[in-house]
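Each remark here refers to the structure printed beneath this line.
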Amino acid sequence: MGHAAVVASLCAQIAQERAARLAARVGLRRLVEELKTEAGTTLEMWFQTRKRSVADVRKAANRVLSERRLGVRRFLSDHRSRRSKAARVLRTALGRQTSERTIAVSSTLDRYRSERRRTSRATRQAAAEYREALRSSSNARLMAFSQDRVLAVGSWSKLASAFARTAKPPAAKKPSPIKSQPPQPNHVDDDTETHTQRVLEFIGNHPEGIVLVDMEAELGLPRIRVGNITRDLSKRGLVRKEDRFYYPAERQPQERNEAH
C-alpha cells in the first residue's frame with residue numbers, strides 16, 4: 001500500500017468518526033430535548049407525586065448520562081487506538097521506503113565513484129601516452145630539422161664560396177674614394193663571407209630600402225651581426241645608408257622619395 005492510499009484511508013476513517021460524533025451529538029441533543037419534555041411532564045405530575053417522580057427522574061437521568069458517557073469514552077478509546085495503529089503503519093512504511101531509497105542512492109554513488117576513478121585512470125594513461133608520443137615525434141622532427149639545417153648550411157657555404165670565387169664586384173656608376181679600397185676576404189672566415197653575401201643580395205633585392213629589423217627577421221641573424229656586416233659593406237662602398245634605411249650602392253637618393 002502506498003503513502004497516498006494510507007493517507008486516504010486515514011482521512012476516510014477520521015471523516016467517519018467525525019460524522020459519528022456529530023450524529024451522537026445530535027442524538028444527545030434530541031435526548032436532552034426529550035428529557036426536557038419529560039421533565040416538563042414530570043414537573044406537572046410532580047405536584048401530585050413529588051417524591052416518587054423526583055427519584056424516578058434522577059435515576060433515569062443518571063442512567064442515561066452514564067450510558068452516554070460510557071459510549072463516548074468507548075468511541076474515543078477506539079478512535080485513539082485506530083489512529084495509533086495507522087500512525088505506526090505509516091511510520092513503518094515511511095521508514096522502509098526511506099531505507100530503500102538510502103540504499104539505492106548509496107549504491108548509485110558508489111557506482112559513480114568507481115566509474116569516475118576508472119575514467120580518470122584511463123584519461124591519465126591516455127594523456128601520458130599522448131605526451132610520450134608527442135615528445136618522441138618532436139624529438140624526431142627536431143633531429144631531422146637539425147640534420148637538414150647542417151646539410152643546408154654546408155650547401156650554402158659551398159655555394160657562397162663558389163660564388164665568391166667566380167663573381168665580380170658590382171661596378172659603381174659614380175666612383176668614390178671609399179670604393180677604391182679593395183675588399184679583404186682573407187681576413188674573414190667562410191661563415192662571415194657567406195653571411196656578408198646573403199646580406200648584400202638581400203639589400204640588392206630591396207631597392208626601396210630596408211632596415212636592420214627586417215633583415216634580422218628575414219635572414220635569421222642577430223641584429224649585432226647584421227649591423228657589423230652592413231657597416232663593413234657601407235665602408236667598402238657596396239651599400240649606402242640613409243637614416244635607418246640601407247640601399248644598393250647604385251640607387252640614387254631621390255628614388256627613396258619616389259618609392260614612398
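Only the coordinates and a few stated rules stand behind these numbers; no lab work does. Given the structure is predicted, the values throughout are model-derived calculations rather than measurements. Reconstructed Cβ throughout: ideal geometry from the backbone, glycine too, with neighbour counts over all protein chains shown.
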Answer yes if at least one residue in region 38-60 is assigned to a helix (DSSP H, G or I) and within 60 Å of the chain's Cα centre (by Cα), and no otherwise. no
With respect to GLU242, is the statement that it is of a type in the set (Asp, Glu), surrounded by fewer than 15 Cβ atoms within 10 Å (Cβ to Cβ) and free of Cβ contacts under 8 Å to residues at least 24 places away in the same chain true? no
With the first residue restricted to region 212-228 and required to be more than 13 Å from LYS241 (Cβ to Cβ), and the second required to be surrounded by 14 or more Cβ atoms within 10 Å (Cβ to Cβ) and among the β-branched types (Val, Ile, Thr), Cβ contacts under 6 Å at 6 or more apart or on different chains are GLU216/VAL226
Considering only residues that are surrounded by 13 or more Cβ atoms within 10 Å (Cβ to Cβ) and either without any contact (Cβ under 8 Å) to a residue 40 or more places away in the chain or among the hydrophobic types (A, V, I, L, M, F, W, C) (or both), which ones fall in region 1-19? VAL6, LEU10, ILE14
Selection count where residues are part of a helix (DSSP H, G or I) and within 54 Å of the chain's Cα centre (by Cα), scope region 207-244: 13
